[in-house]
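The values are calculated or read from the model by the stated rules, or taken from the named source; none is laboratory data. In this text the structure is predicted, and so the values were computed from the model without any measurement. FYI the Cβ positions are ideal-geometry reconstructions off the backbone, even for glycines, and counts take in every protein chain you see. Ligands, DNA and RNA are stripped out before the accessible areas are found, and what is left, the full protein with its side chains, is counted by its heavy atoms. Shrake-Rupley method; radii C 1.70, N 1.55, O 1.52, S 1.80 Å.
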Amino acid sequence: MSLPSSPRVVQIGLAGLGNVGAGVYKNLDRNRALITQRTGADIQVKKIAVRDLSRPRDIDVPADLLTTDWRDLIADPDIQVIVELIGGTTQAHELVCAALRAKKIVVTGNKALLAERGQELFALAEECGMPIYFEAAVAGGIPIIQVLQEGLVGNHIVSIHGIINGTCNYILTRMSQAGLSYQDALQEAQDKGFAEADPTLDISGWDAAHKAIILASLSYGFWIPQNLVHVEGVQKVTLTDFAFAKRLGYTIKLLSVIRADADGRVEVRTQPTLVPLSHVLASVSGSFNAVLVNGDTVGETLFYGRGAGQDPTSSSVISDLCEAAAVLIYGPRHSGFVPHGLYGKSKPIEDTVSRYYLRLTVDDRPGVVAQVAQVLGARTIGISSMIQPEDLEDTSATTSLVLMLHDAPLGAVLQAIEEITALPCIKEPPAWMRVETLLS
Ligand code: HSE
């Protein structure tokens, strides 16, 4: 295969000129010569759909490229690729469907849209014979989608452990390293522009969960239903938990865990999780992302980089544009998602097994530990270690009791926590988190 003798012009329509859209425009232009040499395509932005024509922008865009109606992009017969960067799931869904039906390749960074409606959208892509590319949807600038689709194509994926929300990782890092309150750390993340327009998506864990659904679906060949994913946000993490975690040799990360069990049942969850300080994931700080993929043939592989921000995310969009250009020049390969029937079942979340951290605020009197141990023992949940900090100057009637629990199914642990909460000696709602030892 050789590149075309003169570059083939590929015209694209950009829907959305926010942070990432502006980055795509700027960086396509900045690296034009390199991209053209490498791909044989001269990728040109033909039209850009924006919400507000008069909004000041920090890039120079010719006014005649702009329109306020994304339908103008679909209607333009010269445009062969539509880049969807408008976000949300209503207009974006309409736009992606219209683009596929108009026989245009779609590039999107919209993880919420794919997580919610991926099954339907890839079926439509297949029907229309037009691919959807979505490298920017997961982990910003890290090319993890290509890793799963191509680099590790010959592997069964044993597990994926990912730190895939930059905002939450920034918040947890600042709490852990600078002792900032959760609120102050969130404000900093928003000021730095990592958070989604509505930061609820980030802090609730759902932004990371959307990305986990995409990674899991690619890994296991069926679109993971959203309602079978267990999601918890970072709001529950306190500075007290960081202090105890550190004492036990751990830090706390919003960790997405994806894995299949021996019966091929797939587990997908995103939760604040204790991670050993000695593990490489513990040192992934600030807005950085990292994805640890364990393949049955390759073993462990680790991908690290900026998970958010204009330039890193636009790097992924541009990579998809180059793939789209290659399809237009050399012919299609796949629709973006290739289903297969080797897995196909989600594991009920109450059956998922891990270790746990449990912090209780209890009456400081004899017999309390025995009552707690009794509830756990009755459900065959073992205690691997316990801390009750001794503070001789503290005269209050309550104390903290921190337990590390052995591997147990979530369902049994939640029932035990409910029973423990009802004990008269328990003075505050218990705090609990999963613990991942990350031993392969
Ligand atoms: N809000 C997201 C994050 C941006 O913080 O990771 C990238 O998806």
_I need the helices (runs of 4 or more DSSP H) fully contained in region 30-121, keeping only those with at least 3 residues that are within 25 Å of L201 (Cβ to Cβ)._
91-101
*Check on I132, within 16 Å of the ligand (Cβ to nearest atom) and among the β-branched types (V, I, T)*: no
*What single numbered condition from (1) crowded, with 23+ Cβ neighbours inside 10 Å; (2) within 16 Å of the ligand (Cβ to nearest atom) fails to hold for S219?*
(2)
*Quick one: how many residues across region 323-344 are modelled with pLDDT under 90 and of a type in the set (D, E, K, R)?*
1
*asked:* Where the second residue is within 12 Å of the ligand (Cβ to nearest atom) and assigned to a helix (DSSP H, G or I) and the first is of a type in the set (S, T, Y) and lies in region 107-120, which pairs have Cβ atoms under 7 Å and are six or more apart or on separate chains?
replied: T108/A137
*asked:* Return the residues of region 268-291 that are open to solvent by 10 Å² or more (accessible area, probe 1.4 Å) and away from the ligand (no atom under 16 Å from the Cβ); say none if nothing qualifies.
replied: P276, L277, S278, H279, V280, A282, S283
_Return the pair list, or none, for Cβ contacts closer than 6 Å from residues in region 127-151 that are under 21 Å from W206 (Cα atoms) to residues that are hydroxyl-bearing (S, T, Y) and within 12 Å of the ligand (Cβ to nearest atom), at least 6 apart or on different chains._
E135/S316; A136/T313; A136/S316; G140/T313; G141/S316
*Collect the residues in region 313-352 that are among the aliphatic types (A, V, I, L, M) and surrounded by 14 or more Cβ atoms within 10 Å (Cβ to Cβ), keeping them in residue-number order.*
V317, I318, L321, A324, A325, A326, V327, L328, I329, I349
_Can you say whether R55 is at pLDDT 95 or above, of a type in the set (D, E, K, R) and either surrounded by 21 or more Cβ atoms within 10 Å (Cβ to Cβ) or more than 16 Å from I82 (Cα to Cα) (or both), as far as the supplied structure shows?_
no
*What number of residues in region 122-160 are in a loop (DSSP other than H, G, I, E, B), open to solvent by 20 Å² or more (accessible area, probe 1.4 Å) and not β-branched (V, I, T)?*
7
